[in-house]
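Here is the structure we will look at.
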Amino acid sequence: MENTYFLISILGPICLIFSLSTLIYVKVWQKVLDSWLKNHLLLLPLMYMELIFGVLIVYFHNVWVWDLKTLIVTILGWDMVLESSLYFLFPGSFIKWALKIGKTTAVLVIGGLIGTAIGLYFCYLAHYETIVTAIQGVLQ
């Protein structure tokens, strides 16, 4: 359970910032995805980091229990491992196919909304007590 709260306190702000950026700057992210389509080797450093962080999450938090926050963290870890592994195992065909789908406005907006919801949920869980204590201190 400690690992879960540690991970959601890190993943929450990351998901929130990245997802809000995706929602606010859809056209910019489409241009970024277009540049990755032209040269998918630009993704190499990102995929190395994603594989490392995904393996770390899976190693320290491979917990399959029916608890929403725990399940989301585990699924995110496995998603990172799967996505980066597919990049390294099928560098041309899979990546180009995924980037073509990923650059559509609908996919960016739906992904941004889901990521924002996850980020808000994680931030709420990770920082709820701190926020309540601060508000109570101001009100007294």
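The values are calculated or read from the model by the stated rules, or taken from the named source; none is laboratory data. These figures come from a predicted structure and were not determined experimentally. Using ideal geometry, Cβ is built from the backbone for each residue, glycine included, and neighbour counts are taken over all protein chains shown.
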(message) If a residue must be within 17 Å of the chain's Cα centre (by Cα) and more than 24 Å from His127 (Cβ to Cβ), how many such residues does region 55-78 contain?
(response) 4
(message) Kindly evaluate Glu50 against the criterion of being acidic (Asp, Glu) and either in contact with an Asp or Glu (Cβ under 8 Å, 6 or more places away or on another chain) or surrounded by 18 or more Cβ atoms within 10 Å (Cβ to Cβ) (or both).
(response) yes
(request) With the condition kept exactly as written, say whether any residue in region 101-122 is farther than 19 Å from Asn3 by Cα and outside any helix (DSSP H, G or I). (result) yes
(request) Look at Gly54 and say whether it is touching a Pro at 6+ places or on another chain (Cβ under 9 Å) and in a helix (DSSP H, G or I). (result) no
(message) Yes or no: region 82-91 includes at least one residue that is touching a residue at least 40 places away in the same chain (Cβ under 8 Å) and in contact with a Phe, Trp or Tyr (Cβ under 8 Å, 6 or more places away or on another chain).
(response) yes
(message) Let me confirm something: among Thr74, Thr70, which residue is at pLDDT 90 or above, in contact with a Phe, Trp or Tyr (Cβ under 7 Å, 6 or more places away or on another chain), surrounded by 16 or more Cβ atoms within 10 Å (Cβ to Cβ) and β-branched (Val, Ile, Thr)?
(response) Thr74
